[in-house]
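These notes concern the structure reproduced below.
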Amino acid sequence: MTPLPAIADAAEPMVPIPFRIERTVKNLSDTFTVDLRPEEGRKPFHFAPGQFNMLYQFGVGEVPISISGDPQDPETLVHTIRAVGAVTQAMAGMKRGAVMGVRGPFGSAWPVEAVEGSDVVLVAGGVGLAPLRPAIYHILANRARYGRLVILYGARTPRDILFRAELEKWSSRLDTFVDVTVDRASGGWHGNVGVVTKLIGRGGFDPDNTAAMICGPETMMRFTIQALNDRGVSNERIHVSMERNMKCAVGFCGHCQFGGQFVCRDGPVFRFDRIEEMFLVREL
Amino acid sequence: MVHIEGLERVLQEHAFFAGMDDGYRDLVAGCAANEVFHAGTYVYREGDPADKFYLIRHGQVALEVYVPGKSPIIVETLKSDDLMGWSWLVPPFRASFDARALELSRLVSIDAACLRGKMDQDSSLGYELHKRFAPIVAARLAAARRQLIDLYGHPEE
Ligand SMILES: Cc1cc2nc3c(=O)[nH]c(=O)nc-3n(C[C@H](O)[C@H](O)[C@H](O)COP(=O)(O)OP(=O)(O)OC[C@H]3O[C@@H](n4cnc5c(N)ncnc54)[C@H](O)[C@@H]3O)c2cc1C
Ligand code: FES
């Protein structure tokens, strides 16, 4: 397997590197995407699908955010951010040309190479589609190496569907099954209404030869794992991306501890059977 | 539009009947009819007598709540292999939602009075059908509760 990309400046993992915002797109009422470019003379930014960066808003603070762009395009670093609190709301106000500090890439990756040859089921909820998008780009760029590709996505309402145009584009491919559901909708919506777990039976994958990757809030992931187990997908075939508060992102401070693991270093992507016991412990 | 054809085979292919004894399935088939609904037409409306339940073969049907002066709120959509309607099992046998075809949908309807009559005569058939309905009702209730909690955003709010 290809080794994971090292952090952009391995000698100084705690020092943010300045990146300039080249483009911002408002995806949803509370969610936006920034395209970043390194300042002149910097090396391209390589990363593996599922890895994250620490993004630093000067004078406000630093937050872990997954990379949502195309791993084959190391010239543009893309992040999709939901504005929920002090730092992410300040970032939402940043305009083209502004500078953001970046440390990374950090953490483990979706096992896109290890699962070649099997069916792949990707299940995302809400902004959880963003950390899975690089895996989708990778698989589509190497489509012949995989079996069935199933992308299942749940959002609160039709207005909350992230990357809608891309979901429609992927859905129009003959080699990809895409299904989207919302919790509620009004008459104009012609798609599914119901929880994302209801979609799992529809993908037509082979449970004994399927790799599942799930990203969303923990409650959503818990129910999704149950539904996959009910369909015969075992826990060693399931990967999840975990979130914990972070400070250093390099395994020093212990802020992101999750049982015996550090989410920043051992995660954020974990094979589910390896964290199953901790995952089910409340308040961990 | 209602058609009656060799429905035993159609029922055999539907998930609801998976593993059911042939004899029971044939008894149900005796109460069944094929129905086709065009996009936008109603299968039934809230408050209608629940005199049938449906198995969806193809298409998509929305369960909706009518809101005066506004678009209806869709609470769930059902697709092929889903079962629709259990008000026929529970007095006062009235539909709780509007059911509207979102696209051309082919359904099998089962006549409730016919089937209730057979279930009253043969309690083992009644038990078999209740055993198949209970997990569906339970799964739908669990799913409906999950829909309430904003599973994809801030479940704590
Ligand atoms: C590895 C990793 C990858 C991540 N990737 C992404 C990503 O791609 N896009 C993205 O938008 N976020 C992502 N997050 C979450 C993001 O880091 C947090 O939302 C951010 O740290 C919040 O910081 P803040 O200062 O804006 O809000 P805070 O002031 O820290 O929090 C404000 C409020 O928001 C709530 N909150 C905090 N985090 C979340 C959350 N994740 N979801 C919902 N509510 C929350 C808090 O409970 C609090 O009530 C990721 C987190 C991790 C650990
Ligand atoms: S954030 Fe410091 S150890 Fe993980």
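Please tell me the relative contact order of chain B in percent, rounded to the nearest whole number, where contacts are Cα pairs under 8 Å and at least six residues apart.
That works out to 27 percent.
Quick one: check the C-alpha center-to-center distance for region A:203-240 versus region A:50-95, whole angstrom.
Region A:203-240 and region A:50-95 have Cα centres spaced 27 Å from each other.
Once region A:64-134 is represented by equal point scatterers at the alpha-carbon sites, with solvent omitted, what log10 I(q)/I(0) does the Debye formula produce at q = 0.20, 0.21, 0.25, 0.27 Å⁻¹?
Here log10 of I(q) over I(0) equals -1.04, -1.12, -1.42, -1.51.
If I take every Cα pair under 8 Å that is 6 or more residues apart in region A:17-106, average their sequence separation and divide by the length, what percent do I get for the relative contact order?
39
Find which of B:65, B:112, B:41 sits farthest along the positive direction of the dipole of region B:7-152, computed with +1 on the beta-carbon of Lys and Arg, -1 on that of Asp and Glu, about the Cα centre.
Going by the charge dipole, the pick is B:65.
Can you send over the solvent-accessible area of residue A:29, 1.4 Å probe, protein chains only, in Å² to the nearest 10?
100
Under a point-charge model restricted to the Cβ atoms of Lys and Arg (+1) and Asp and Glu (-1), what is the dipole moment magnitude of region A:119-241 relative to its Cα centre, in debye to the nearest 20?
That gives region A:119-241 a dipole magnitude of about 260 debye.
Give the Rg/Rh ratio for region A:17-106, taking Rg as the radius of gyration of the Cα atoms and Rh as the Kirkwood radius, to two decimals.
That ratio equals 0.92.
Given a 1.4 Å probe and heavy atoms of the protein chains only, how would you sort B:25, A:184, largest accessible area at the top?
Heavy-atom accessible area, descending, gives A:184, B:25.
Largest first, how would B:14, A:190 line up by accessible area (1.4 Å probe)?
Sorted by accessible area, descending: A:190, B:14.
First select every other residue whose beta carbon is under 12 angstrom from the beta carbon of residue B:126; then total the charges, Lys and Arg +1, Asp and Glu -1.
+1
Would you mind telling me which residue in A:42, A:82, A:237 has the biggest mean-square fluctuation in a Gaussian network model of chain A, where springs connect alpha carbons within a distance under 10 angstrom?
Of the options given, A:42 has the highest mean-square fluctuation.
What does the charge count near residue A:137 come to, summing +1 for each Lys or Arg and -1 for each Asp or Glu among other residues with Cβ under 10 Å from its Cβ?
Taking every other residue near residue A:137 into account, the sum is -2.
Quick check on chain A: what does the Kirkwood estimate of hydrodynamic radius come out to from the alpha carbon pairs, in Å?
Value: 19.2 Å, from the Cα pair sum.
Along the Cα→Cβ direction, 7 angstrom out, place labels at residue A:164 and residue B:138. What is the inter-label distance in nm?
Roughly 3.8 nm, to one decimal.
How high is the relative contact order of chain A, in percent, with contacts defined as C-alpha pairs under 8 Å that are six or more residues apart?
17
Collect residues whose amide H, placed 1.01 Å from N in the peptide plane, falls under 5 Å from the amide H of residue A:239; neighbours closer than 5 in sequence don't count.
Counting only residues 5 or more places away or on other chains, the set is A:212, A:213, A:214, A:272.
Tell me, what is the 1.4 Å probe accessible area of residue A:67, in Å² to the nearest 10?
About 0 Å², rounded to the nearest 10.
So, with +1 on the Cβ of K and R and -1 on the Cβ of D and E, and no other charges, what is the size of the charge dipole of chain A about its Cα centre, to the nearest 20 debye?
In debye, rounded to 20, chain A gives about 640.
Could you pull out every residue, at least 5 positions away or on a different chain, whose amide H is within less than 5 Å of the one on residue A:185? Hs are placed 1.01 Å off N in the peptide plane, and Pro or chain starts have none.
The list, which skips near neighbours in sequence, is B:74.
Before rounding to the nearest 500, sum -39500 (n - 2.57) across all DSSP H runs of length at least 4 in chain A and divide by the residue total; then give [θ] at 222 nm in deg cm²/dmol.
Helices in chain A give a 222 nm mean residue ellipticity of -5000 deg cm²/dmol.
Cα-Cα over 20 Å: which of B:52/B:118; A:26/A:95; B:52/B:131; A:169/B:79; B:52/B:79?
Where the Cα-Cα span goes over 20 Å, the pairs concerned are A:169/B:79.
First compute the accessible area of region A:62-116 with a 1.4 Å probe, then give the percent of it belonging to carbon and sulfur atoms.
Accessible surface attributable to carbon and sulfur in region A:62-116 totals 51 percent.
How do A:84, A:121 rank by accessible surface area computed with a 1.4 Å probe, from largest to smallest?
From most accessible down to least: A:84, A:121.
Over 19 Å apart: what share of the alpha carbon pairs of region A:119-241 falls there, rounded to a whole percent?
Value for region A:119-241 (Cα pairs over 19 Å): 42 percent.
What is the set of long-range amide H partners of residue B:44 at a cut-off below 5 Å, with H atoms built 1.01 Å from backbone N?
Result for residue B:44 returns B:99.
Using only protein heavy atoms and a 1.4 Å probe, report how much of residue B:136 is accessible, in Å² to the nearest 10.
Per-residue accessible area (residue B:136): approximately 40 Å².
Using each residue's phi in region A:149-160, evaluate 6.51 cos²θ - 1.76 cosθ + 1.60 at θ = phi - 60° and report the 3J(HN,Hα) Karplus result to the nearest Hz, with x for Gly and Pro.
Listing the rounded values in order: 10, 10, 10, 10, 9, x, 9, 5, 9, x, 5, 9 Hz.
Taking only protein heavy atoms and a 1.4 Å probe, what accessible area per residue, in Å², does region A:17-106 have with all protein chains in place?
42
Summing +1 for each Lys or Arg and -1 for each Asp or Glu, what net charge is found among the other residues whose Cβ lies under 14 Å from the Cβ of residue B:17?
Value of the local net charge: -3.
Can you give the average number of partner chain beta-carbon atoms within 10 Å of each beta-carbon in peptide A:154-162, as a whole number?
What the average comes to for A:154-162 is 2.
With θ taken as phi - 60° and the coefficients 6.51, -1.76 and 1.60, list the Karplus ³J(HN,Hα) couplings across region A:131-144 in order, rounded to whole Hz; mark glycine and proline as x.
Working through the residues one at a time gives x, 8, 4, x, 5, 5, 4, 4, 5, 5, 6, 10, 3, 5 Hz.
Could you point to the residue in A:66, A:86, A:118 farthest towards the positive end of region A:1-148's charge dipole, with +1 and -1 charges on the Cβ of Lys/Arg and Asp/Glu respectively?
Projecting each Cα onto the dipole axis, the largest value belongs to A:86.
Using θ = phi - 60° and the Karplus relation 6.51 cos²θ - 1.76 cosθ + 1.60, list the HN-Hα couplings for region A:68-80 in order, rounded to whole Hz, with x at every Gly or Pro.
10, x, 8, x, 7, 10, x, 7, 10, 9, 10, 10, 10
The values are calculated or read from the model by the stated rules, or taken from the named source; none is laboratory data. Please read these numbers as outputs of a predicted model, since none were measured by experiment. Note that each Cβ is placed from the backbone with ideal geometry, even for glycine, and that neighbours are counted across all protein chains shown. Calculation scope for accessible area: heavy atoms of the full protein, side chains included, ligands and nucleic acids excluded. Shrake-Rupley method; radii C 1.70, N 1.55, O 1.52, S 1.80 Å.
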